[in-house]
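K.L.:
Quick one: this structure, given as structure tokens, is what I'll be asking you about.
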Amino acid sequence: VVAAFSSGIVSLNRASRITTASVIADQQMELYRAVTHAQICLESTAVSATDQKYRDDPTIGGNIALLLTAGCTPLNDEHNPSRVLTGADRKSYRLDTYIVQVTPTGGRPVKKVVLVVRDSTNLAVTYARQASTFDQSTG
């Protein structure tokens, strides 16, 4: 009985963290939906200051040159590649943002935004990963 109760608490805690991480990713993605296509980019100085965990993400495979950084001078939340924040559950999360250009077969280039929410104390733990593409026709 004690073992079942203990594993139940662990499962509930993990589910809570995943839910909070998904909300964090949704909120960040809404920032990109609220700006013009030209404003969807990352601030180059902040990208240069990222750590190895950020650079090793499969989205860019260690090559930060793939990230779209041109024209990003203000460092607003939507321009910050990596930041630590507190969720509604009062726990700490790290939000990593990747913006790359991709060209679908037979299409024109679009900006792909990938958001990864990790445990800020153990970066090997990923709670949420969300991706969306933005076409220049969206403004």
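K.L.:
Which ones in the stretch 61-97 are open to solvent by 70 Å² or more (accessible area, probe 1.4 Å), closer than 25 Å to I18 by Cβ and in contact (Cβ under 8 Å) with a residue 12 or more places away in the chain?
P.N.:
Result: D77, V84, A88.
K.L.:
Taking the stretch 28-60, which residues are open to solvent by 90 Å² or more (accessible area, probe 1.4 Å) and touching a helix residue (DSSP H, G or I) at 6+ places or on another chain (Cβ under 9 Å)?
P.N.:
Matches in the stretch 28-60: R33 only.
K.L.:
For the stretch 98-109, enumerate the residues that are part of a strand (DSSP E or B) and either hydroxyl-bearing (S, T, Y) or crowded, with 23+ Cβ neighbours inside 10 Å (or both).
P.N.:
Y98, I99 - these are the residues of the stretch 98-109 that are part of a strand (DSSP E or B) and either hydroxyl-bearing (S, T, Y) or crowded, with 23+ Cβ neighbours inside 10 Å (or both).
K.L.:
If you don't mind, there's one more thing I want to ask. Give the residues of the stretch 1-43 that are part of a loop (DSSP other than H, G, I, E, B), among the aliphatic types (A, V, I, L, M) and closer than 30 Å to G71 by Cβ, sorted by residue number.
P.N.:
Answer for the stretch 1-43, where residues must be part of a loop (DSSP other than H, G, I, E, B), among the aliphatic types (A, V, I, L, M) and closer than 30 Å to G71 by Cβ: A34, V35, I40, L42.
K.L.:
Kindly indicate the residue of the stretch 110-133 that is surrounded by fewer than 19 Cβ atoms within 10 Å (Cβ to Cβ) and touching a helix residue (DSSP H, G or I) at 6+ places or on another chain (Cβ under 7 Å) and also farthest from I40 (Cα to Cα) among those meeting that condition.
P.N.:
L123
K.L.:
So which residues in the stretch 1-49 are under 14 Å from C72 (Cβ atoms) and of a type in the set (V, I, T), if there are any at all?
P.N.:
Across the stretch 1-49, the qualifying residues are V35, T36, I40, T45, V47.
The values are calculated or read from the model by the stated rules, or taken from the named source; none is laboratory data. The structure presented is a predicted model; accordingly, all values stated were derived computationally and were not measured. Please note: Cβ atoms are built from the backbone with ideal geometry, for glycine as well, and neighbour counts cover all protein chains shown. Ligands, DNA and RNA are stripped out before the accessible areas are found, and what is left, the full protein with its side chains, is counted by its heavy atoms. Shrake-Rupley method; radii C 1.70, N 1.55, O 1.52, S 1.80 Å.
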